[in-house]
Amino acid sequence: MSNRRPLNIGITCYPTYGGSGVIATELGMAMAARGHRVHFIAYDIPRRLNRFLDNVFFHEVELRENPVFLNPPYTLALCSKMVDVAMNEKIDLFHVHYAVPHATSAYLAKQILGERAPKILTTLHGTDITLVGHDRSYLPITRFSIEQSDEVTAPSQYLKDATFEKLGVSPDRSLLVIPNFVDIDEFKPLTGDTPCAPRPRLSECSTNEKVLIHVSNFRPVKQVDQVVKVFDLVQKQIPCHLILVGDGPERSSIEQLVKELGLRKKVCFFGKQDSIAEILQRSHVFLLPSKNESFGLAALEAMSCGIPVVASRVEGIPEVVIDGEVGFLSAPDDVDGMAKHTLTLLKDDALYSRMSKQARTLVVEKYSRESLATQFENLYYSMTESGGK
């Protein structure tokens, strides 16, 4: 850490397995390791949060039933908790992940706190924008929350451009692109001296065959059915297995598709996992045929393990998965094309080895957690040391 004073940082995110929660949690722990006091404010403990680290604190947003409201008003409850934590812990800055409702709650808290209010940094993650695209009733509050933040970041140039184009955010609004990142010491290629005990379920599933893998929240936008269809074409030519990590609304239909295609013995459903590095290390190709993807954190974690990616050429993915260098890109519904690319990788050892090394190198050079945490830390200081709003 620099010689500047340690900061008191409040972080709010969704405490689920999604990429935004992962990034928020990893960033908070990195800041705690640098000597800052980090206060997570959420309705549950973030899944990857190690609560026993020095300088890490958790404040639960309590959602209580009230006869006046149809549902517990999370936005208001979060605002009240933010005010409470800001006053008791002398918070310098709120870093909120997602404009609605988190930046909205932070704005309300700022109005209540007045001159004592922390600065607000809002990081967009994608759904902020696509939500408005599907339901324009959220447009005014989303745009307002973004414009009232002291600083705003997005993980990709695509998402930055979409924020201005789809939301009509003022062109005077500064919006920095700071990519998502990965812990390169945890997500690394498996080598002979890597201490990594085999998981029984993984060895059962993969045996000595090639392993294809997909990690997501099983929402329709992830197109997990396309993953299964790509795998079906590949396994007809090369002995292999498919590992599906995660859970969500589409899981039942995917399980039914697996049965209909006669793939039950070759497809393993691992469900939600707190740590997936070991699983990725024993895989060979990562499949990501999403319809929408503002960045693709799961693909980045795979690349950090030296796993080439076969993905769809949409939105922010081409900024992360360099076509022909660390994997291959196709149209999001091009099952045949993705299967062809996967087979090309698995049949050409020299090509596979080159892409594997290039994937790891790209992540180390451009997306390491420590490097990007430094960018955020410098931004924190520039916000808290300036007059600002």
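The values are calculated or read from the model by the stated rules, or taken from the named source; none is laboratory data. For clarity, every value in this text was computed on a predicted model and none was experimentally measured. So basically every Cβ, Gly included, is an ideal-geometry build from the backbone, and we count neighbours across all protein chains shown.
Across the range 337-378, the qualifying residues are those that are of a type in the set (Val, Ile, Thr) and free of Cβ contacts under 8 Å to residues at least 12 places away in the same chain, and the one among them that is nearest to Glu26 (Cα to Cα) is Thr374.
In the range 43-65, is there at least one residue being touching a helix residue (DSSP H, G or I) at 6+ places or on another chain (Cβ under 8 Å), assigned to a helix (DSSP H, G or I) and in the same structural domain as Asn378 (by TED's automatic domain parsing)? The answer is no; no qualifying residue exists. Out of the range 267-295, which residues are in a strand (DSSP E or B) and either aromatic (Phe, Trp, Tyr) or in the same structural domain as Thr163 (by TED's automatic domain parsing) (or both)? Once the filter is applied, which keeps residues that are in a strand (DSSP E or B) and either aromatic (Phe, Trp, Tyr) or in the same structural domain as Thr163 (by TED's automatic domain parsing) (or both), the range 267-295 yields Phe269, Phe270, Phe286. Evaluation of Asp336 against the conditions (1) of a type in the set (Asp, Glu); (2) surrounded by fewer than 24 Cβ atoms within 10 Å (Cβ to Cβ); (3) under 24 Å from Tyr158 (Cα atoms); (4) assigned by TED's automatic domain parsing to the domain that holds Lys210 shows that the sole unmet condition is (3). Within the range 38-83, being in contact (Cβ under 8 Å) with a residue 60 or more places away in the chain and closer than 23 Å to Lys110 by Cα holds for Leu78, Met82. Scanning the range 261-274 turns up no residue that is under 23 Å from Asp183 (Cβ atoms), at pLDDT 95 or above and buried (at least 19 other Cβ atoms within 10 Å of the Cβ).
Scanning the range 37-55 for residues that are on the phi < 0 side of the Ramachandran plot and surrounded by fewer than 21 Cβ atoms within 10 Å (Cβ to Cβ) gives Arg37, Tyr43, Asp44, Ile45, Arg47, Arg48, Asn50, Arg51, Phe52, Leu53, Asp54. Picking from residues in the range 127-171 that are touching a Gly at 6+ places or on another chain (Cβ under 8 Å) and not in a helix (DSSP H, G or I), the one that is nearest to His102 (Cα to Cα) is Asp150.
Filter the range 275-303 for residues that are polar (S, T, N, Q) and over 30 Å from Asp161 (Cα atoms); which is surrounded by the most Cβ atoms within 10 Å (Cβ to Cβ)? If we take residues in the range 275-303 being polar (S, T, N, Q) and over 30 Å from Asp161 (Cα atoms), then Ser283 is surrounded by the most Cβ atoms within 10 Å (Cβ to Cβ). Residues of the range 32-64 that are over 20 Å from Thr75 (Cβ atoms) and basic (Lys, Arg): Arg34, Arg37, Arg47, Arg48, Arg51.
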